[in-house]
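One structure below.
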Amino acid sequence: MEKEDLVLFVGSIYKRKRPVLAVDAFNHMLEHDDLAGYRMILCGKGSAMPDVKKRIRECGLDESIDIINNISEDELRDLYNRSKILLNTSSLEGLGITTLESQRCGTPVLYLGDADIPAEVVAAAVPCENVEDMARQALRILTDEMEMERLARSGIEHANNFGKDCPEKMEKVYGKLL
């Protein structure tokens, strides 16, 4: 499946996920002519949705950002496969499933470096200092086909191997306990 000029945010729309920052990063991205035709899909629902919709209006992005929710796993996988990058602005992730799902589909992930996300999950993702840096990193990746391919391959490999050593580690832990 060919990637579209699409930026994705997937997650519960709660303050700790900082979806407003994803809108801000996307807004900064669109300041660059090379990304002028890009669209964003925010996939999720939650109590911070009024704040997200307000920011979208304030930035004048009503025509550039679509909000969807209640989609099937197949539809979500299709979104990951169609998108060129995923923005993860969450401040806290227990496991970081969206990062792994995105990488498994060959979609590079950009995340904010101040987030509490397991290092094993973001090993193949791109850390960003703030939303402006996230926009810069997105521009760099989206305009460099070789870098995009490198990150896609790295992400796929990382996601496919994630947790493979878990049974062995659990066995060692249980062995020590018994």
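A few remarks follow.
- In the stretch 133-159, the residues that are free of Cβ contacts under 8 Å to residues at least 24 places away in the same chain reach residues that are of a type in the set (Val, Ile, Thr) with C-beta atoms within less than 8 angstrom, at least six apart or across chains, in these pairs: Glu147/Ile141.
- With respect to the conditions (1) surrounded by fewer than 23 Cβ atoms within 10 Å (Cβ to Cβ); (2) without any contact (Cβ under 8 Å) to a residue 40 or more places away in the chain; (3) under 23 Å from Ile156 (Cβ atoms), Gly37 falls short on a single one, namely (3).
- Yes/no for Val52 being of a type outside the set (D, E, K, R), in a helix (DSSP H, G or I), out of contact with any His (no Cβ under 7 Å at 6 or more places or on another chain) and surrounded by 16 or more Cβ atoms within 10 Å (Cβ to Cβ): yes
- Failed item, numbered, when Leu95 is tested on (1) in contact with a Cys (Cβ under 8 Å, 6 or more places away or on another chain); (2) assigned to a loop (DSSP other than H, G, I, E, B): (1)
- Matching residues, the stretch 6-38, being in contact with a helix residue (DSSP H, G or I) (Cβ under 6 Å, 6 or more places away or on another chain) and assigned to a helix (DSSP H, G or I): Pro19, Val20, Leu21, Val23, Asp24, Ala25, His28, Met29, Leu35
- Residue in the stretch 123-146 that is over 13 Å from the mean Cα position of the chain (by Cα), farther than 21 Å from Leu21 by Cα and in a helix (DSSP H, G or I) present: yes
- Failed item in (1) crowded, with 21+ Cβ neighbours inside 10 Å; (2) at pLDDT below 95; (3) in a loop (DSSP other than H, G, I, E, B), with Thr107 passing the rest: (2)
- Flag for Asp62 being more than 25 Å from Gly155 (Cα to Cα), of a type outside the set (A, V, I, L, M) and touching a helix residue (DSSP H, G or I) at 6+ places or on another chain (Cβ under 8 Å): yes
The values are calculated or read from the model by the stated rules, or taken from the named source; none is laboratory data. As the structure is a prediction and not an experimental result, all values here were calculated from the model. Using ideal geometry, Cβ is built from the backbone for each residue, glycine included, and neighbour counts are taken over all protein chains shown.
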